[in-house]
Structures are given as structure tokens and as C-alpha cells.
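Right, one structure below, let's go through it.
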Amino acid sequence: MKNRIAKTVSIALALVLMLTLQAGCAVPAPAAETERLPKLILVAPPGPMAIPAAYLVVNNRLAAVAEEVELVIWANPAQIKAIVAGGQGDFVTMPSNLASIFYNKEMGVQLLDISVWNVLYLISSDPAVETLADMRGETIAVPFKGAMPDLMLQILSERQGIDPLVDFDLNYVADPMQAAQLLLAGVVEHAVIAEPLATTVVLQTGDQPRRLYRAIRFDAEWARVVGEEIKTPIAGTVALSRIQHRPDVIDEFIRQYRLAVEWMLENPEQAGLMAEEHLPALGFKAGPVAASLANITWDHVQARDAREDLEAFFTILMGLSPGVVGGALPDDGFYYPGADLE
């Protein structure tokens, strides 16, 4: 089991090219609703949201609906697009605004849940930094230009009368790891970093002359400057079109994924060990991963129940540009009707 996950993660970049070339391939014929599928493919990001998916694979928790379950890790939004466009997966964990973009582009996604409501932090080498205004004129490393870390930073800045493109020197980088490396090397003084990297870099410098500090928690800052009534539904999981004819499989996935999140939060040390052992290509270490879980706002909410929060959140994102959610609020078809979790 460990080897299957490790091998899959290590070939994820090569897989994206193949998926792009295969985008026009036929979708497998539907199976009978009571028949187990030969294989399910779960696709998750290179961060803590991969842990529940890995738990499902390692513990064979989807055996009732599939003979085999594989985990693929994506590295950036371009890779998610290739996978979705190619229909080469069944359940994909991604930022909520990307899910909306794909839906509005008629790429056949349906949102199942929101599980993460914050994973982002502003990490700084300056212990005096408490607000974004404290960093005027300074350099901030930001991963994924135009994606969720950048969007959140822009909104939080503008709500405080800060023009992020003028008042900061934004150093856009390819991924969170590069942002962390620049911060650790002293090339930049501040960086937007997601967990578990945020916890990792803070712990790594705890006994060094140049320490790093957790300066701003994005959901807390959002509540302060935007308002507590509007939450931040950051990321969840979608079902791709090739599995949507099997609501029995989708419902079982939702049930088991919810249990996986609960297990992870109740057993952070075991979750950290599992991440280190079964996701070696991500470079996870058990201790920092276990510690980071407490710094993430987890709450598994089915899509139908998160709709009000999503629409309020998307409306604010659209204030930057309608394109960041695909041009419009997604309609009823975006939200999976929901599974019975009793």
C-alpha cells in the first residue's frame, strides 16, 4: 500500500502530460449501481488535505464500492485543470474558487464538501509584525499568482486601505515550498505559507538567531477586517463527471471522508506518522504535520450546507474580478444534494 501511494506521488508530474494528451479519450462505460468499481482515483493537494485521502487508501475504507483505490497528488492549479479536463480522476480536492471556475466552464465538476476553512498564514522574520500595514514597502513571497493565497492577501489588504501591488513588493513564486525557502534563506522577510509548511518553518528556526514567527492567521484577519458573519470556505472535494452516475459511490465517499477527517483530528500523532510513511515524496515529517493540524481550521460541511457561506465568500472574491470564480456564482447544479451521514 505504501509503495503504491509513494509511486503515484512521484509520477504525478509525468502523469499530467499524459492526462492532457488523453483529454479526448472515452469515459469508461457506467457500472451497475450495485457493482463495485474496478478502481477509484482520488486526487489531492501536496498538503494536509492529502492526509484524509491517504487514510482512505491505506486503510481500504472504500472497499465497499471499489476493488482498488489510488491516490494522485497535484502540485499546482495547472495540473488540477489537466486532470479535470481529461476526466482522469473521480474525487479531486481543490480550492473552492477553482471548483467554481471549472463548473462555470462546464467541465463537469460537482462540489461535495468544504473541509478546510483556513490553512494560510503570514510568516515573518519580524516579531513586531501584527497587521499587513506593518509590512508596507517590504517584500512578501506569495505562491500561485492569482490563486487563493494571492486572492486572500489582496482582499485583506484592500479592506485595510492598502494597495498590495503598490504598498508591497510582491514576489510571486511557483509554489509554497519556494516561498518557504526564500524566507528561510533571508531573501524575503515575509511569506504567505500554507500548513504544514507554516508550522515546519517556525519550528525549524525556533533555536536560531533569525527566528520566524506566525504573524497573521488569515481567517482571524478576515473576521477582523471583513466581518465574522462571512466565513472563508477555502477548499473541499468535487466529484468529476465520470463518477457522477454513481450516487451510491459518492455517498460512501462522503461518509468515509468525513470519518477520515475526524480520525485525523482525534489522532494527530498517528496522522503525522502516516503522512511521513505513506507520502514520502511530499517530504512530510511526523512531528510538524501533527503540530500543524491544530493550526488549520477543519470542519467537514457538505456542499449543500455550505452554500450560503460559499456564495458570500465568492461574492467578495468577485469584487477583485468575476473571473476568479468563473464569471458568476455557480447555480444549483454545482452543489451535490448530499449524503445521509446518520
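The values are calculated or read from the model by the stated rules, or taken from the named source; none is laboratory data. Everything quoted here is computed from the prediction, not taken from an experiment. Here Cβ is always computed from backbone atoms with ideal geometry, including for glycine, and neighbour counts include all displayed protein chains.
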**OP:** Specify which of the listed residues (SER124, SER96) is out of contact with any Gly (no Cβ under 7 Å at 6 or more places or on another chain) and at pLDDT 95 or above.
**Re:** SER124
Original post:
Out of curiosity, is GLU221 outside the structural domain of LEU40 (by TED's automatic domain parsing) and in a helix (DSSP H, G or I)?
Top reply: yes
Subject >> Selection count where residues are over 22 Å from the mean Cα position of the chain (by Cα) and either without any contact (Cβ under 8 Å) to a residue 12 or more places away in the chain or assigned to a loop (DSSP other than H, G, I, E, B) (or both), scope region 108-133 >> reply: 7
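This table checks each residue for (1) surrounded by 19 or more Cβ atoms within 10 Å (Cβ to Cβ); (2) assigned by TED's automatic domain parsing to the domain that holds VAL57; (3) outside any helix (DSSP H, G or I); (4) β-branched (Val, Ile, Thr).
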residue	(1), (2), (3), (4)
ARG258	no, yes, no, no
VAL261	yes, yes, no, yes
GLY272	yes, yes, no, no
GLU276	no, yes, no, no
PHE284	yes, yes, yes, no
GLY287	no, yes, no, no
LEU293	yes, yes, no, no
Original post:
Does PRO45 satisfy being assigned by TED's automatic domain parsing to the domain that holds ILE316, surrounded by fewer than 22 Cβ atoms within 10 Å (Cβ to Cβ) and under 22 Å from VAL173 (Cβ atoms)?
Top reply: no
Subject >> Extreme residue, surrounded by the most Cβ atoms within 10 Å (Cβ to Cβ), among residues of region 123-141 that are out of contact with any strand residue (DSSP E or B) (no Cβ under 6 Å at 6 or more places or on another chain) and not charged (D, E, K, R) >> reply: LEU132
**OP:** Given the conditions (1) under 16 Å from TYR55 (Cβ atoms); (2) in contact (Cβ under 8 Å) with a residue 60 or more places away in the chain; (3) not small (Gly, Ala, Ser), report the number of the one that GLU266 does not fulfil.
**Re:** (2)
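Quick grid of which residues meet (1) over 22 Å from the mean Cα position of the chain (by Cα); (2) of a type outside the set (D, E, K, R); (3) at pLDDT 95 or above:
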site: PRO209; (1), (2), (3): yes, yes, no
site: TYR213; (1), (2), (3): yes, yes, yes
site: VAL225; (1), (2), (3): yes, yes, no
site: PRO233; (1), (2), (3): no, yes, yes
site: GLY236; (1), (2), (3): no, yes, yes
site: SER241; (1), (2), (3): no, yes, yes
**OP:** Could you identify the single residue in PHE102, PHE144, PHE91 that is in the same structural domain as PHE218 (by TED's automatic domain parsing), under 16 Å from the mean Cα position of the chain (by Cα) and either modelled with pLDDT of 95 or more or surrounded by fewer than 22 Cβ atoms within 10 Å (Cβ to Cβ) (or both)?
**Re:** PHE144
